[in-house]
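The values are calculated or read from the model by the stated rules, or taken from the named source; none is laboratory data. All of these numbers come straight from a predicted model, not from anything done at the bench. Here the Cβ positions follow ideal geometry from the backbone for every residue, glycine too, while neighbour counts run over all protein chains shown. All accessible areas refer to the heavy atoms of the entire protein, side chains included, with ligands and DNA or RNA removed. Shrake-Rupley method; radii C 1.70, N 1.55, O 1.52, S 1.80 Å.
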Amino acid sequence: MVSRVIPVDPFDLVIFGGTGDLARRKILPGLFRRFCSGQMPDGAQIIGAARSDMDDAGFRAMVGEAIREFGGGRHCEDGTLDAFLEHIGYVTVDARGDGGWHDLKARLRDDKVRAFYFSVGPGLFGDLAERLRGFGLADDESRVVVEKPFGKDLATAKALNATLAQHFDETQIYRIDHYLGKETVQNLMAVRFGNVLFEPLWNAQYVDHIQITVAETVDVGGRGGYYDKSGAMRDMVQNHLMQLLCLIAMEPPARFEPDAVRDEKLKVIRALDPVDYHHIARGQYDADEHQPGYREHVGDPRSKTESFVALKCHISNWRWAGTPFYLRTGKKLRARTSEIAVVFKDAPHSIFGADAGHHRNVLAIRLQPNEGMTLDVTIKEPGPGGMRLVDVPLDMSFAEALGPEVEEVPDAYERLIMDVIRGNQTLFMRGDEVEAAWAWTDPIIEGWQKRGEVPKPYDAGSSGPEDALMLMHRDGRKWREIKA
């Protein structure tokens, strides 16, 4: 099976922060892979813009090194990189001054899709937006892409949205959350709304609970200064896990259109109950004989910032009333994995007796690694000796199920950037979504700050603090194992 690649219209894409880490690791290699797949038209132009004093040749050399280092097209033919670099240019720009803006404007063409990627800190969003309009680079058809964090609380999110709204309409703003570009995340909607098998069972009558896990093996690394002001709640739950929760829990939209989908996601966020403090577990990874702990990494021996958080949430609507959603995310855990598990209720009556054991169906959607889905079903164990039941997985990984001829699954960034060029906002967060998520998140953070709570230590390479296990055990449930 070979996937169908649909070329996009010719475009001018300006990457502010084009020499930065995100551009080098994700944006530029992703664009190169789209070029290798034949999706980038001949009329495409990619312009890096930053403070660094550099010319086109210097930037092209940097882009070539980034692509070779961070994984360009695995199946690209010889000479393809050189052909891609012909589409690359660079302009030195002062984001807070007047330098370079006339030069950048001279590079842009009037008859092409025009997009501006803000691969910079949110403190520069307003300056860039003002100058794009003031120097005449952006018009009412232009698109701007902004990276998280979308504020650090409700007040700053509102201020950020207001700043962007001064210069651009909401239909022009693409708030990128790379989790929404993952193939498996998009398949959540296909599985739910494209199969009559699942949607009738996707409610409180049949679902016992849902677990959403995003576990990382890495520490805070060089992000210690930023992370200690953020923590797992702001860095992961308010955006990534919230978006996964919305896709799992939302009602079917009338059409697969941007605002129809985002309207339903917003309803989920607004239906979330406040979280009781007994339903929260926070942790910090501890030091061991081989590695420093969280507090050593951030340089604060008294830090109260969490590197792990687990929550029990409820959605007060007809579909999910009474069904708990358990969310957890953390660093320095046993394995790198992102998974959504829909745990169905037991059969109302077992005809096989107590010896058959306890069995229930689980639909597990793996976002990483090895993207795919597993459905645990109960069958008779082969062999004589009576009716012994076992659970076996119906396992589908995309790489195996779609065969060796299928195109390599695109990285989330390359898919989302192409959606920007197409003008498709379905997989991007809307301003009211961001604000509603912060309105739910802020009281949780304010609560543990007022109580002066200190995160519980947990061993690096474990599943997190004991409090997280107790969060489930109190309900007679248990977390799915984080498998190495």
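Of all residues in the range 221-233, those being in a helix (DSSP H, G or I) and either open to solvent by less than 40 Å² (accessible area, probe 1.4 Å) or at pLDDT 95 or above (or both) number 6.
Of all residues in the range 88-98, those satisfying the criterion of being open to solvent by 20 Å² or more (accessible area, probe 1.4 Å) and either modelled with pLDDT of 95 or more or acidic (Asp, Glu) (or both) are 92, 94, 98. The residue that is nearest to residue 433 (Cα to Cα), counting only those in the range 293-316 that are over 22 Å from the mean Cα position of the chain (by Cα) and touching a residue at least 60 places away in the same chain (Cβ under 8 Å), is 304. Yes or no: residue 156 surrounded by fewer than 16 Cβ atoms within 10 Å (Cβ to Cβ), within 29 Å of residue 248 (Cα to Cα) and without any contact (Cβ under 8 Å) to a residue 40 or more places away in the chain? In short, yes.
Among the numbered conditions (1) more than 26 Å from residue 254 (Cα to Cα); (2) open to solvent by 10 Å² or more (accessible area, probe 1.4 Å); (3) in contact with a strand residue (DSSP E or B) (Cβ under 7 Å, 6 or more places away or on another chain), the only one that residue 206 does not meet is (1). Taken together, the residues in the range 289-318 that are at pLDDT below 95, outside any loop (DSSP other than H, G, I, E, B) and either among the aromatic types (Phe, Trp, Tyr) or open to solvent by less than 50 Å² (accessible area, probe 1.4 Å) (or both) amount to 2. Among strands (runs of 3 or more DSSP E) entirely within the range 55-159, having at least 3 residues that are within 23 Å of the chain's Cα centre (by Cα) singles out 113-118, 143-147.
Take residue 170 and decide whether it is farther than 30 Å from residue 476 by Cβ and among the charged types (D, E, K, R). So residue 170 passes the test. Which residue, of 193, 168, is part of a helix (DSSP H, G or I), in contact (Cβ under 8 Å) with a residue 24 or more places away in the chain and not polar (S, T, N, Q)? Answer to the selection: 193.
Looking only at the range 249-279, residues that are in contact with a Lys or Arg (Cβ under 8 Å, 6 or more places away or on another chain), hydrophobic (A, V, I, L, M, F, W, C) and not in a loop (DSSP other than H, G, I, E, B) come to 2 in all. Remark: pairs (first residue in the range 53-76, modelled with pLDDT of 90 or more and open to solvent by less than 30 Å² (accessible area, probe 1.4 Å); second residue part of a loop (DSSP other than H, G, I, E, B) and among the small types (Gly, Ala, Ser); Cβ separation under 8 Å; 6+ apart in sequence or on different chains) = 59/18.
Restricting the range 182-203 to residues that are polar (S, T, N, Q) and open to solvent by less than 60 Å² (accessible area, probe 1.4 Å) leaves a set whose member that is modelled with the lowest pLDDT is 184. Taken over the range 235-276, the criterion of being in contact with an Asp or Glu (Cβ under 8 Å, 6 or more places away or on another chain) and either hydroxyl-bearing (Ser, Thr, Tyr) or open to solvent by 50 Å² or more (accessible area, probe 1.4 Å) (or both) is satisfied by 251, 252, 267. Evaluation of residue 218 against the conditions (1) surrounded by fewer than 21 Cβ atoms within 10 Å (Cβ to Cβ); (2) over 30 Å from residue 296 (Cβ atoms); (3) of a type in the set (A, V, I, L, M, F, W, C) shows that the sole unmet condition is (2). Screening residue 179 against (1) within 18 Å of residue 243 (Cα to Cα); (2) outside any helix (DSSP H, G or I) leaves a single unmet condition, (2).
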